[in-house]
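Shown next, in structure tokens, is the structure this report addresses.
The values are calculated or read from the model by the stated rules, or taken from the named source; none is laboratory data. Fair warning: this is a prediction, and the values are worked out from it, not measured in the lab. Cβ: placed from backbone, ideal geometry, glycine included. Neighbour counts: every protein chain shown. In case anyone asks, the SASA skips ligands and DNA or RNA and just uses the protein heavy atoms, side chains included. Shrake-Rupley method; radii C 1.70, N 1.55, O 1.52, S 1.80 Å.
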Amino acid sequence: MTHELLTIGRISVDIYPNDIGVDLEDVTSFGKYLGGSPSNVAVAAARHGHRTGVITRTGDDAFGKYLHRELHKFGVDDSFVASVKEYPTAVTFCAIKPPHDFPLYFYGRFPTAPDLQIKADELDLDAIRDAGIFWSTVTGLCQEPSREAHLKAHEARPRTGLKQGQYTILDLDYRPMFWSSEEEAREQVAKILPHVTVAIGNDQECAVAVGQGTPDEQADRLLAAGVEIAVVKLGPEGVMAKTRTERVVSAPVPVETVNGLGAGDSFGGAFCHGLLSGWPLAEVLDFANAAGAIVASRLSCADAMPTPEEVTSLLAERGRLAPGQFATQNAPEGAAL
């Protein structure tokens with residue numbers, strides 16, 4: 001299989017409360033779901049019809065078996081998902097207190113987790129090289145042997161070796177509990193950026209990667225590092241994407257937030273869908289923005305990933321153009337479309 005999207009890194013079992021708006025100690029029942037940002041992104045892109053896979057590790061336990069089953073359910077290739085006998089599958093709890101409070105509690109990640117035990121000599125470099133999009137996150141750089149594996153994977157597909165329509169994406173996903181300092185994270189990001197064509201993060205994550213500044217200054221620094229598309233999430237002001245010749249902003253897509261934790265992963269999978277579909281950047285950004293909003297309005301992450309029809313429906317409800325409509329909106333009557 002040649003993957004249209006191949007991701008590497010974190011996977012876990014998400015334990016989310018069924019009780020909304022209360023602290024974790026007051027929750028009486030929970031549901032369990034597939035989680036972990038790169039794995040969620042693979043699920044999101046699969047929901048849009050793409051051949052996706054994930055390179056990761058689980059524990060050799062019941063939760064590991066559950067995650068394999070969920071990947072199969074979502075149509076994500078698990079050929080590169082192996083088990084690590086020494087460590088249990090990671091579990092993540094959260095409290096859900098919309099609209100803005102979703103504290104996370106990581107179990108089975110300290111001192112390490114199975115998905116941080118990916119080793120460089122275990123990688124299928126041909127699969128990584130051939131993938132339409134290769135997606136990794138900054139969290140995968142936080143410790144060895146995962147750090148070396150990520151670097152080797154990126155070195156296997158240098159920017160100069162990419163074909164038309166291939167992209168290498170770094171999610172700037174900085175989680176301070178996994179690092180000794182921001183400086184350590186910035187040092188590791190600097191080793192990966194020379195291989196990356198797209199970088200995605202919010203202003204705080206961009207600050208870790210390339211320093212403090214305005215969103216435009218941060219995007220310009222990412223572009224100066226050789227990235228072709230810099231995406232900076234602007235919170236309540238939407239999201240901006242910038243290339244050397246173009247700057248586009250997608251305004252927020254208003255929804256009633258239930259759980260904001262999976263929105264970024266839904267955005268990522270939909271962004272990949274737009275790139276793989278060859279859409280103009282403005283269309284990619286609007287579609288991804290709406291996809292993220294849909295998951296923010298739902299309880300779970302992986303299970304909540306929308307279909308393309310759901311995304312275009314939300315755009316229409318909000319009076320926004322769907323991909324393909326941008327070029328035809330002002331077409332003269334009788335023009336060939």
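Within region 298-324, if we keep just the residues that are assigned to a helix (DSSP H, G or I) and not hydrophobic (A, V, I, L, M, F, W, C), the residue that is least open to solvent (accessible area, probe 1.4 Å) turns out to be 308.
Selection of region 1-40 for residues being of a type in the set (Phe, Trp, Tyr) and either open to solvent by 50 Å² or more (accessible area, probe 1.4 Å) or out of contact with any strand residue (DSSP E or B) (no Cβ under 9 Å at 6 or more places or on another chain) (or both) yields only 30. Kindly check whether there is at least one residue in region 144-161 that is open to solvent by less than 10 Å² (accessible area, probe 1.4 Å), within 24 Å of residue 233 (Cβ to Cβ) and in a helix (DSSP H, G or I). Checked against the condition, which is being open to solvent by less than 10 Å² (accessible area, probe 1.4 Å), within 24 Å of residue 233 (Cβ to Cβ) and in a helix (DSSP H, G or I), region 144-161 yields at least one hit.
Does residue 253 qualify as being touching a Pro at 6+ places or on another chain (Cβ under 6 Å), crowded, with 17+ Cβ neighbours inside 10 Å and outside any strand (DSSP E or B)? Considered against the rule, which asks whether it is touching a Pro at 6+ places or on another chain (Cβ under 6 Å), crowded, with 17+ Cβ neighbours inside 10 Å and outside any strand (DSSP E or B), residue 253 comes out as no.
Which of the residues belonging to region 175-189 are open to solvent by 50 Å² or more (accessible area, probe 1.4 Å) and of a type outside the set (A, V, I, L, M, F, W, C)? Of everything in region 175-189, those that are open to solvent by 50 Å² or more (accessible area, probe 1.4 Å) and of a type outside the set (A, V, I, L, M, F, W, C) turn out to be 175, 176, 180, 182, 183, 186, 187. If you take the residues in region 306-334 that are modelled with pLDDT of 60 or more and among the β-branched types (Val, Ile, Thr), which one is farthest from the chain's Cα centre (by Cα)? Checking each candidate, the answer is 312. Applying the criterion of at least 3 residues that are of a type in the set (Ser, Thr, Tyr) to the strands (runs of 3 or more DSSP E) found wholly in region 1-100 leaves 52-59. Sub-9 Å Cβ pairs linking a first residue in region 108-137 that is in contact (Cβ under 8 Å) with a residue 12 or more places away in the chain to a second residue that is among the aromatic types (Phe, Trp, Tyr) and open to solvent by less than 10 Å² (accessible area, probe 1.4 Å), at least 6 apart or interchain, are 128/134, ordered by first then second residue.
For region 277-292, state whether one or more residues are more than 15 Å from the chain's Cα centre (by Cα), in contact (Cβ under 8 Å) with a residue 60 or more places away in the chain and closer than 21 Å to residue 5 by Cβ. Yes, region 277-292 contains at least one residue that is more than 15 Å from the chain's Cα centre (by Cα), in contact (Cβ under 8 Å) with a residue 60 or more places away in the chain and closer than 21 Å to residue 5 by Cβ.
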